[in-house]
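Participant: Quick one: the structure is below, and I'll ask about it shortly.
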Amino acid sequence: MFKKTIILASLICSVWLGTLVGNYYFHYFSRRLLKDPECLALVNQPPPPPHPQPVPPDCLTSWPGPSFFYTFSILTIGLMSFVGFLNISRELRGKRGSLQDGDVRFAIACTILIVYLTMLSFFAFTLDNPPPGAKPFLDALLTTTAVVVGFYFATTGAIEVAKIRKGRSEQDGDAAKTTPSEQSGERE
């Protein structure tokens with residue numbers, strides 16, 4: 001199980017770091033291409049005629065942009081996290097074939113937390129200015145993350161309290177089933 005956890009963590013970190021490195025190189029090459037006279041002429045040209053000529057593939061306009069890489073990596077990290085934590089939760093419980101109470105809840109809470117931390121790091125370590133809607137989006141995601149993680153711990157606590165109460169009521173029921181003669185015989 002420890003091996004699977006290490007593999008999951010390394011996959012998530014490699015996608016995360018790959019996205020950050022890809023963003024860095026995107027900005028490096030885009031600045032370099034903007035210094036190229038051919039690309040500068042294409043970027044600063046007037047509106048194209050009705051039948052524009054194709055843009056050479058080595059210019060900035062053929063790049064999908066960092067938002068594509070961020071979106072793809074967040075989706076990948078989210079899916080890997082959910083499936084990985086679901087498998088880890090099943091292994092921790094010792095039953096491999098079926099889902100137990102709390103497996104999906106554990107996977108969802110961990111996935112939401114990892115996706116939030118990933119998005120927060122992307123906005124913190126990016127070289128370009130965050131888009132205008134980034135701050136309200138991160139605030140809304142923070143609220144969602146707090147609610148999901150809070151409900152995870154609250155439901156886990158409620159389930160444990162219910163188990164404790166059920167165990168006490170069963171012990172009280174067993175004590176009530178004994179007869180007075182059995183109780184007096186136990187004392188002697």
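The values are calculated or read from the model by the stated rules, or taken from the named source; none is laboratory data. All figures in this text were calculated on a predicted structure; none of them were measured in a lab. Every residue, glycine among them, receives a Cβ derived from its backbone with ideal geometry; neighbour counts consider all protein chains shown.
Participant: Checking Thr143 against (1) within 26 Å of Thr19 (Cβ to Cβ); (2) at pLDDT below 90, which single condition isn't satisfied?
Facilitator: So the condition that Thr143 fails would be (2).
Participant: Any idea how many residues of the range 15-28 are within 17 Å of Tyr116 (Cα to Cα) and surrounded by fewer than 15 Cβ atoms within 10 Å (Cβ to Cβ)? Write out each step before concluding.
Facilitator: First, pick out the residues of the range 15-28 that are within 17 Å of Tyr116 (Cα to Cα): 15-17, 19-20.
Imposing the further condition that a residue be surrounded by fewer than 15 Cβ atoms within 10 Å (Cβ to Cβ) reduces the set to 17.
Qualifying residue count for the region: 1.
Participant: Turning to a different aspect of this structure: Tell me, which residue of the range 69-106 that is in a helix (DSSP H, G or I) and among the basic types (Lys, Arg) is surrounded by the most Cβ atoms within 10 Å (Cβ to Cβ)?
Facilitator: Filtering the range 69-106 for residues that are in a helix (DSSP H, G or I) and among the basic types (Lys, Arg), the one surrounded by the most Cβ atoms within 10 Å (Cβ to Cβ) comes out as Arg90.
Participant: Which one is farthest from Ile7 (Cα to Cα), of the residues in the range 77-101 that are touching a Ser or Thr at 6+ places or on another chain (Cβ under 7 Å) and small (Gly, Ala, Ser)?
Facilitator: Filtering the range 77-101 for residues that are touching a Ser or Thr at 6+ places or on another chain (Cβ under 7 Å) and small (Gly, Ala, Ser), the one farthest from Ile7 (Cα to Cα) comes out as Gly78.
Participant: Consider Asp172 against the criteria (1) loosely packed, with under 11 Cβ neighbours inside 10 Å; (2) closer than 30 Å to Phe72 by Cβ; (3) modelled with pLDDT under 80: it satisfies all of them except one. Which criterion is unmet?
Facilitator: (2)
Participant: Further, regarding this structure: Look through Phe137, Phe122 and report the one residue that is buried (at least 16 other Cβ atoms within 10 Å of the Cβ), modelled with pLDDT under 85 and within 30 Å of Gly22 (Cα to Cα). Lay out the reasoning, then the answer.
Facilitator: Details: Phe137 fails: buried (at least 16 other Cβ atoms within 10 Å of the Cβ).
The conditions single out Phe122.
Participant: Here is a further query. Kindly list, by first and then second residue, each pair from a residue in the range 101-116 that is among the hydroxyl-bearing types (Ser, Thr, Tyr) to a residue that is in a helix (DSSP H, G or I), limited to pairs with Cβ atoms under 7 Å and residues at least 6 apart or on different chains.
Facilitator: Thr111/Gly78; Thr111/Ser81; Thr111/Phe82; Thr111/Phe85; Tyr116/Leu141; Tyr116/Leu142; Tyr116/Thr145
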